[in-house]
Structures are given as C-alpha cells and as structure tokens.
Amino acid sequence: MTPLLRAALAAVHDPVWLVGRDRAVLESNASYRALVARGLQIPDDVYRRVLSGRTVDADALLTLDGIERVYSISGVPVVNDGESAENDVAAVFSARDVTDTTRGAREGLFELAVTRLFTPDKPLTETLLDVLEFFCESEEWDSAVIWLIENEMLVPAATWMRPDPAAQKFRERTLELRFPRGHGIPGRAWASGEIIWVPDLYEETNVLRAEVAAHAGLHCAVAMPLHDGARTAGVLELFTHAVRPINDSRKHALRAVGASLGRLIDRRRAEEERKELLAIIERKGAEWATTFDSIEMPIVIAGFDGTIARLNLAARDLAGADFRQLVGARIESISPLEPWPTLAQLVEAVADSRTGCSGESHRAEEDRSWEVSASWTDAPDGVPRAIIVLRETTMLRRLQDSVRRGEQLAALGELVAGVAHEVRNPLFGLGMTLDLLQPLVPPAPDTEELFDTLRKWVDRLNRLMENLLEYGKTWTIDLREGQLDQVIDMAIDESAAFAAANGVIIDRDIESPLPLLMDANRLARVFSNLITNAVQHSPERAHVTVRARLIPDGDREIIECTVQDQGPGFRPADLPRIFQPFFTRRRGGTGLGLSIVQRIVDEHGGTVAASNAADSGAIITVRIPAYRRPGVAGETEWNQSSVQPEAVTNESSSSTTKS
C-alpha cells in the first residue's frame, strides 16, 4: 500500500478496513482497530456477499461494552488487475455509527404507536395500561407504573407486571401508596424533573416497597417525569429483575418516552375536561330549560327589533306553534290576536326608554286577559333584549266582574223591593182603567189604535217589572244529576213554533249523553232564551244552529254548547257590554235577557261568551264542567219529566264570559 493511500485511510474518522479474499484484514485505520478492541464483529454474511462481487449496504446491531449500537456497514468489491501488491485487496469496508439517527426514528415510531393506542373509545386508565404493556414488552421491562398528579399527590393510574404470583403483593402495595412531591422514587422524579435511577432496590433503605419488590425479584427501578415541556402530568416508573445500567443514550430514549406520554396524557386529559365541561354545560342548559319551561306564566325573550330569541313552553302553547317556527320570528308576525300586538308595542317601548314597561291585554274573541310586563336586560353576548312576562288575569277579572255584578244585584234588589208595589199597583190600575174606559168611548179607527198602543206600553212596563223582580231576587238552585242534551232538545222543541212563525230553521248537532249536575228548569230557560234571541236576529229562511259536545279541558271534561245565527252579528264595540243589565239595542227590549242567562250559567260554575262567525252571524258559547258520579262508570240517568221550562225574553245581542 502506498504512503498516500495509508495517509488517506488514516484521515477518515469512520472505521475503514481492507480485506483480502481469505477475509483477512490487510489494512485498516485507527477507528477500526479501536472498535475491534471493543469487540467489533462483522457478520459473515456481509463478507460473503461483498467478496462474491456485490456492493453491500447493511445495518448491523452490534454490542459494544455491553451497549447495543447500530452501525451502517458498507462493502465494495475491488477489481484485481494483477499489476501491484494492492491487487491482493478483494474488498473495502467502512462502518458508520447511526445509533442516534436510528433512535430518533425509533422514538418517532414509538410515539406513533402510542398515539394510536390513545383512542377516544377507551377510558384513560385502560389506555395507559395498553401503553405500559406495549412499552414493557418492546423494551424488556418487567413491571411499570404510571403515576398521575391529583390534588398535589402522585396517584397510581395504571400498573402492568409480567405474570408472576409473587408480583401481586407488589401491585397491591403500589396501589395503596400516594407520594407527595419529593417523596419516594416517583416523588423525587416529579420534584427534580429528571430521571431517577435506582440500580438495586435491595440497597435502598428508604424505599417503601423494597421488601415486596425483593419478594417479587425486582432490582432496578427507573422513574421519569411525564411532561410536555409546559407542565408535568405524572411519572412513569419502570422495574426489571436485572441490574440494568443507565447511560446517556438510555436516558435520552427514556426522556423521549416521557415527553411523548406526557403530551398524549395532557392532550387526553384536556379532551376529557372539555367533554366534561361540555356535559356540564349541556346538563346546566337542560336544567335551565326545564326550569324555564316549567314556569306556568308565558315568558318571551326578544331583541329590540322584535325578534324572538327564546320562549318557554307556556309561551309556545299560547302561540300555538312549534319552537322552530317561533324562534327567530318577529312578535307581530305570530298572530293578529292579543296579546301579541301588545307584546310588540311593549318591546318598542322598552327599546325607546331602556326601562321596564307594563300593560294589559284582552282578547275579546275568547274573553281572555293578561297583565304584561317587559324589562330591559343585557345578554351575555352584549346584545340588549327585552324579557316579557305574561300573567293571565282572566279568572281574576271574571271574579271581579262577578263581585261587581253581585253588588249591582244587591243594589238592584233593594231598588226593586222599594218600588215594586209602587210601580205594579199603578200599572195594574192603568190596565183596569183602559179596560173600563174603552167601552165608554165611541168606536173610531183612531181611538182603537190609541187603546192598542196604550196596552202595548202597559204590557212592556209589566214585562220590565217582571224581569226586574226576577233579576233582583235571591235565587236558589236545586242541583241534580241529569243530561244536558235532553234539556237542550226540550228548549229547541219549545222554540220551534216561534222559529217557524219567523221563517227560521233550527238545526241541531248535539252529542249524547252530556252528564251534568244542574238545575234543569234554570238551564232550560237559558237555552230557550238563547234560541229565541237567535231567531229574532235571523232573516227569513236563515238557519239557527245549536251544537253541544264534550271536550277535554286539562284533567277534566267540559260541555261546550253554541247557538249560532245567520244575522248581522254583534258590533265589536258592544262586546264588552253585552251582559250588562239594561244594555240592549233592540227596540222594545229590556236589556236583562242575557244578564239572566249569565247569572244562571254562573250558578252552574260555567262561562258564557259571545263572538262573531267568520262569515256572518253571532255565536253564543256556553261552557259548563261535565259531571261524573265518583266511582260509577257510564252514563247518569235523569227524569225528563222534572223539567218545566219557563219563557224568558232575550233582548241583548252579544257577550263576554263569566267563570
């Protein structure tokens, strides 16, 4: 070999050597000789392939000083031209230490494998157990524990051991332990942030598990913190039966493992915390929604532009639509009926004043009333909104109307009692005088007409007086079980002749049975009155329709009866006054007919209301709670012969309700 070739060979840092055909090393540099001294052995298969004339690049795992190193071996065959001594060289070999490069790739593969183990389908504890098993099997550890930090203490989250009955006590003892920062092998790793290596647990006097570890045959222990550079999630503790040395290379590999696990654990915990937070938010949202919807008063939350942002179940039922149709809609678009126009006006008032406003709303079509209050609030998103609360006052208003009518009745009763004799006696005298005077006056067309007119006025005053006495006196009701459909049928039959005389047809649509606890005579007057009134306001050849049916009303049933005509209907302005005493627009009427109807229905715990039909005509609606005898199924029976209807003149035109 020439001096120049030797100098070039010596200048190469990687091991290089020249081999003859008998595999003897003909020349080498110092790096090669140093590796040989440390136990370098090249696999025979590499020599065989290169000496057969092929260029070879191969990785070899070599154990040097008891430490595994990865080398990349390159072999190039030399062509023999037969002109020099160098022609004895058959191949040139070089070796390069690629342990660190291989370790990086291996660490990447480890993190990839562990990442795949961290599936969201498994709880964290089961995932950590899979990771321990994978790591111990691949790195030849005999036992492992992952400690996680909870309430400033290290708590065992997962343990893995090779099948060994002697290891059970070690596992049980480990699961009992809790380590604060700086205490025990895991606590020391947590406090220092560095790997803690105990070569032989037998030599440690302050290790709490030394005795059970010795019983399980565990010697070497290594603890490394699990952190992602920002915070420490826990500690990984490894054990082996052998006394395994630790060096910089192994420390580097363990740190990489700790960093990978720390990142994955921190990520999983963050995901679980997020899921838990979302579950809490969802649960709180459901609790809020349940509470919000359980409030019986309708509540509407709307923007200042009138757009509905949220409403509870009571408000949805009042609107009669689905949540998806209501949320995002403008209040005034819900319905032209009250209380929605009033709600829209209150939102505008709150938007202008930025203070609370209140008002009242009344739906004449159903005789329902509400007190409405709206307040201004800042939502969490910074958008100001109006919170509207409705309190239905229908029953309270009806009670107030009932009390007011009672006071009117009391005053009227006193008035009637004071003037009854003074009025009735002169009326009787007037009638007798007319009867006596008429034969004494010579017959003439004018005198006959005058006498007839006088008798009509006297008769009208008599009817008024009778109605006043009837309306003002104290009533007593004899309630008995009966069938309201039979009472209505009798009232229709009683009114049939009057209807025929006026050219009006009465149609009936009545369910049977309609059980009721009632005073049959009083209710017969009600329906005779309503039918007669409907006939009076119907044109010739028109129809008056009487309907009655059972309908559900919450946990009870009510009987709903309607009398509908085809007349001009009620004036909208008259609806609030229909049942007031002495209110009438019919010439010759006393204005007490519907007031008496309302009083009788009141006494039966029912309501009466007036409205106009969509096409034409007036509708009077009576609703009375149905009656079922407690503990008795089926229909109740009633003696029809007990009904003796009396004629009542109805001289009003419309209504409100009374409960």
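The values are calculated or read from the model by the stated rules, or taken from the named source; none is laboratory data. Since the structure is predicted, the reported quantities are computational estimates derived from the model, not experimental observations. Backbone-built Cβ (ideal geometry, glycine too); neighbour counts: all protein chains shown. Surface accessibility is based on the protein's heavy atoms, side chains included, excluding ligands, DNA and RNA. Shrake-Rupley method; radii C 1.70, N 1.55, O 1.52, S 1.80 Å.
Which of the residues that make up segment 70-87 are modelled with pLDDT of 70 or more and either under 60 Å from the mean Cα position of the chain (by Cα) or not aromatic (Phe, Trp, Tyr) (or both)?
70, 72, 73, 74, 75, 76, 77, 78, 79
Would you check which residues across segment 8-17 are aliphatic (A, V, I, L, M), more than 13 Å from residue 42 (Cβ to Cβ) and touching a strand residue (DSSP E or B) at 6+ places or on another chain (Cβ under 8 Å) and list them?
Matches in segment 8-17: 9, 12.
Given the condition open to solvent by 30 Å² or more (accessible area, probe 1.4 Å), part of a strand (DSSP E or B) and closer than 30 Å to residue 613 by Cβ, answer yes or no: does some residue in segment 398-407 qualify?
No: segment 398-407 contains no residue that is open to solvent by 30 Å² or more (accessible area, probe 1.4 Å), part of a strand (DSSP E or B) and closer than 30 Å to residue 613 by Cβ.
Any residue at all in segment 529-543 that's among the β-branched types (Val, Ile, Thr), open to solvent by less than 20 Å² (accessible area, probe 1.4 Å) and touching a residue at least 40 places away in the same chain (Cβ under 8 Å)? I'd like the intermediate steps shown before the answer.
Going residue by residue through segment 529-543, those that are among the β-branched types (Val, Ile, Thr) are 531-532, 535.
Filter once more, keeping what is open to solvent by less than 20 Å² (accessible area, probe 1.4 Å): 531, 535.
Checking which are touching a residue at least 40 places away in the same chain (Cβ under 8 Å) leaves us with 531, 535.
Looking through segment 529-543, at least one residue is among the β-branched types (Val, Ile, Thr), open to solvent by less than 20 Å² (accessible area, probe 1.4 Å) and touching a residue at least 40 places away in the same chain (Cβ under 8 Å).
Here are some residues: 508, 522, 463. Which one is in a helix (DSSP H, G or I) and surrounded by fewer than 20 Cβ atoms within 10 Å (Cβ to Cβ)?
Exactly one of 508, 522, 463 is in a helix (DSSP H, G or I) and surrounded by fewer than 20 Cβ atoms within 10 Å (Cβ to Cβ), namely 463.
Which pairs do you get when a residue that is without any contact (Cβ under 8 Å) to a residue 60 or more places away in the chain and over 25 Å from residue 138 (Cα atoms), found in segment 156-181, comes within reach of a residue that is part of a loop (DSSP other than H, G, I, E, B) and open to solvent by less than 60 Å² (accessible area, probe 1.4 Å), reach meaning Cβ atoms under 9 angstrom, with the pair 6+ apart or on two chains?
173/209; 177/209
Specify the residue that is most open to solvent (accessible area, probe 1.4 Å); the eligible residues are those in segment 294-340 that are in a strand (DSSP E or B) and in contact with a Gly (Cβ under 8 Å, 6 or more places away or on another chain). Don't jump to the end; show me each part of the working.
If we filter segment 294-340 for residues that are in a strand (DSSP E or B), which is where we start, we get 299-303, 307-311, 330.
When the remaining residues are screened for being in contact with a Gly (Cβ under 8 Å, 6 or more places away or on another chain), the result is 307-309, 330.
On the way: 307: 39, 308: 4, 309: 42, 330: 103 Å².
The qualifying residue most open to solvent (accessible area, probe 1.4 Å) is 330.
Conditions tested, residue by residue: (1) touching a Pro at 6+ places or on another chain (Cβ under 7 Å); (2) exposed (fewer than 15 other Cβ atoms within 10 Å of the Cβ); (3) modelled with pLDDT under 80; (4) not small (Gly, Ala, Ser).
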residue: 110; (1), (2), (3), (4): no, no, yes, yes
residue: 114; (1), (2), (3), (4): no, no, yes, yes
residue: 120; (1), (2), (3), (4): no, yes, yes, yes
residue: 130; (1), (2), (3), (4): no, no, no, yes
residue: 136; (1), (2), (3), (4): no, no, no, yes
residue: 141; (1), (2), (3), (4): no, no, no, yes
residue: 144; (1), (2), (3), (4): no, no, no, no
residue: 148; (1), (2), (3), (4): no, no, no, yes
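Please give the number of the condition residue 241 fails out of (1) at pLDDT 80 or above; (2) open to solvent by 90 Å² or more (accessible area, probe 1.4 Å).
So residue 241 meets the others, but not (2).
What number of residues within segment 341-367 satisfy the criterion of being crowded, with 21+ Cβ neighbours inside 10 Å and not in a loop (DSSP other than H, G, I, E, B)?
5
Within segment 215-238, count every residue that is at pLDDT below 75 and among the small types (Gly, Ala, Ser).
The number of residues fulfilling the criteria is 2.
Open to solvent by less than 70 Å² (accessible area, probe 1.4 Å), in contact with a Ser or Thr (Cβ under 6 Å, 6 or more places away or on another chain), hydrophobic (A, V, I, L, M, F, W, C) and modelled with pLDDT of 80 or more: which single residue out of 16, 50 fits that description?
Just one listed residue meets the conditions, 16.
Out of 497, 573, I need the residue that is open to solvent by 70 Å² or more (accessible area, probe 1.4 Å), closer than 19 Å to residue 608 by Cα and among the aliphatic types (A, V, I, L, M). Which one?
That would be 573, the only listed residue that is open to solvent by 70 Å² or more (accessible area, probe 1.4 Å), closer than 19 Å to residue 608 by Cα and among the aliphatic types (A, V, I, L, M).
Which ones in segment 424-449 are closer than 18 Å to residue 460 by Cα and acidic (Asp, Glu)?
Hits for segment 424-449 are 435, 449.
Considering only residues that are open to solvent by less than 40 Å² (accessible area, probe 1.4 Å) and among the charged types (D, E, K, R), which ones fall in segment 180-201?
If the condition is that a residue be open to solvent by less than 40 Å² (accessible area, probe 1.4 Å) and among the charged types (D, E, K, R), then 200 is the only one that fits.
If a residue has to be at pLDDT 75 or above and either in a helix (DSSP H, G or I) or among the hydrophobic types (A, V, I, L, M, F, W, C) (or both) to count, how many in segment 568-604 make the cut?
The qualifying residues number 20.
What number of residues within segment 476-496 are assigned to a helix (DSSP H, G or I), among the aliphatic types (A, V, I, L, M), out of contact with any Phe, Trp or Tyr (no Cβ under 6 Å at 6 or more places or on another chain) and in contact (Cβ under 8 Å) with a residue 12 or more places away in the chain?
Summing the residues that are assigned to a helix (DSSP H, G or I), among the aliphatic types (A, V, I, L, M), out of contact with any Phe, Trp or Tyr (no Cβ under 6 Å at 6 or more places or on another chain) and in contact (Cβ under 8 Å) with a residue 12 or more places away in the chain in segment 476-496 gives 4.
Looking at segment 166-190, which of the residues that are over 13 Å from residue 153 (Cβ atoms) and among the hydrophobic types (A, V, I, L, M, F, W, C) is nearest to the chain's Cα centre (by Cα)?
175
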